[in-house]
Structure formats: C-alpha cells, structure tokens
1. Taking the Cβ-Cβ separation of E240 and I266 as r and a Förster radius of 30 Å, what is the calculated FRET efficiency to the nearest 0.05?
2. Based on the Kirkwood radius over alpha-carbon pairs, what value in µm²/s does the Stokes-Einstein equation return for the translational diffusion coefficient of the chain at 10 °C and 1.306 mPa s?
3. Please list K251, K28, K143, K62 in order of solvent-accessible area, largest first, computed with a 1.4 Å probe with all protein chains present.
4. Would you list H244, H71 from the most to the least accessible area, probe 1.4 Å?
5. For segment 62-93 and segment 174-252, what is the separation of their C-alpha centers, rounded to whole Å?
6. Would you work out the charge dipole size for segment 20-119 about its Cα centre, treating the Cβ of every Lys and Arg as +1 and the Cβ of every Asp and Glu as -1, and quote it to the nearest 20 debye?
7. How many percent of the accessible area of segment 1-95 is carbon or sulfur, using a 1.4 Å probe?
8. Ignoring everything except DSSP H segments at least 4 long, calculate the 222 nm mean residue ellipticity for the chain; use -39,500 (n - 2.57) per segment, divide by total residues, nearest 500.
Amino acid sequence: MVEPVRKAVFPVAGLGTRFLPATKVLPKEMLAVVDKPLIQYAVEEAREAGIEDFIFVTGRGKSLIEDHFDHAVELEHVLKERGKDEALRSVLDCMPGRVFYTRQRQPLGLGHAVGCARGFVDGGPFAVLLPDDLILAEPGCLKQMMEVYRETGGNLVAVEDVPRAHTMRYGILDVVEDDGRLVRARGLVEKPAPEDAPSTLSIIGRYILGPEIFPHLDRHELGAGNEIQLTDAMARTIGEVPFHGLRFSGKRFDCGGKLGYLEANIAFALTRDELAGDVRAMLKEYA
Ligand code: G1P
C-alpha cells in the first residue's frame, strides 16, 4: 500500500529577476493572474489533490505571502459591514489548512530549498509545487499525479515535451519506457545543452517525492548553475526507488517569464464566465 500524500512544500524564496522592477519588493509568487496571486493557484491545486499541510520555504522580503494566508481583520470587518459577501468569501477562501513557514537563508538552489523543509515532511511522501509553473487542468495536475502515484509509488514528476532548443531551461529525463502518458526514467540531467540532452521530455514544477531524497540533498553537492539541484538528488534515488514522469493533461504556463505570464492571464480570463466574452472581443482589436 502506497502511503497517501498529505503534505506539500512550496519553495518561494526565489528572487524573480525576470520580472524586475515589479518584483523589487513584491514577491513574484504574489503576481496576480486575473485576480489571484500565483501562489494561491498552487495552494488550491494542492488542496484539490488532498493536501492538508502546507509548508512554505520563504526568504527575506517574502512576508507578504504569510499575510496573504492569514486573516485580514480590518478588511474582513469592512466587507462584512458593507454586505460584500462574495468579496468576503474570496478573502476567507484564501486560507488553506495547516500552514508552516521556514526560511531558506541562502539562495543555494531548489534542492537546498526542499532540504529546508525536511523537518516538516521527513518520514513520508510529500508534494513539491513551484508556483511559477501555473497549470490549467481539470482535474488539477497534482490530483492527476496522485492517482498515478497510487500505482507507481517512488518519485513521480510532471513532464512535458519541449523544443530541443529549450532543454537548457529544464530538468530532462533519460527515458527507458514510455507508454505515451507514463514514462520511466533511468537518469535525469539538469539544464543540459540541446546537443547533450538525453531527450526533450522536461520536468515541470510538480513533484511527489519520498524521504529517500533527503540523504542525497544533505550532501549539498553543487550542480548546474553552481546550485544544489533537486534534479541531481532525484537522479541519485533511481535504483533505490521507482522514478516516473507523467505527461499530465492540461496546459502549463511559465509565469516566471513575461510571455507565459501574459498568456496565462488571457487563458485564465477565458475560463471565467463573467470575463470570457469581453476578453474575446478585446483580443480581436489586437489580432
Ligand atoms: C526548476 C528545476 C527544473 C525544472 C523547472 C520547472 O528550474 O530545477 O529541473 O525543469 O524548475 O519549471 P528553474 O525554473 O527553477 O530554473
């Protein structure tokens, strides 16, 4: 029996240098797509997938994220007094289940950030969600992964095919089996040059990991970009535990970059009944 996944880690210490000056003081995870911050989409996706404990690995200048997931007493009071029920509900609905915060004190990489959450998640499986990767999917990407994870156990990541010229932006799988949806990998490479990439199947920011990852993260070995890479630690668990990639159904937007972020705003606005018609009409003006 595979143990159910109830904890999720949100690494949110990154600087967001691709979005300056917007992210000079605003955490990049607080950038809104339509009317919700990126981090809230990730939290809602995790909640839909059955996550109960939410662990944020934050850094300096990220305290707005903590405020977002707390009561806003004055605002709630005013909205209640004015009978703005829908607005009040949207404010109260922000808050997930149990929330924990820890700080990554140095920017040593994604692997290091996940290692900072060890005290909260060690001993059982846990999910990792990177809020920059916003995914429009029904059901949500992590829920799709949970269903597959019940069969595979081990480590499971969401994957998608990317143009070969883009392999140096991602963790790339060295694939041994591929049924079109689920793939098994024998190796992983972080951000390989196109000519060195073992495939064009890339990891996107959704992971279900087992505790076997931590001894490898603890070694603090530096990888691509001189950072402690989660990809390298996952690669080392291959052979110890199964490693699979899931081609999820849905569309992923790279909201760490301007084009992906703009496209996400349009795509998510088009899913909203109250906006879709007007947005479509507006887009015609720019065609
Ligand atoms: C991180 C991971 C990479 C993964 C990517 C998905 O890279 O290191 O393996 O493919 O997220 O978005 P980053 O985007 O932080 O450079």
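1. 0.10
2. 80 µm²/s
3. From most exposed to least exposed: K251, K143, K28, K62.
4. Result of the area sort, largest leading: H71, H244.
5. Segment 62-93 and segment 174-252 have Cα centres spaced 39 Å from each other.
6. 600 debye
7. 53 percent
8. Mean residue ellipticity, 222 nm, calculated: -9000 deg cm²/dmol.
The values are calculated or read from the model by the stated rules, or taken from the named source; none is laboratory data. As the structure is a prediction and not an experimental result, all values here were calculated from the model. Cβ sites come from the backbone with ideal geometry, for glycine too, and all protein chains shown count toward neighbours. We work out accessible area using only protein heavy atoms, side chains counted, and drop any ligands, DNA or RNA first. Shrake-Rupley method; radii C 1.70, N 1.55, O 1.52, S 1.80 Å.
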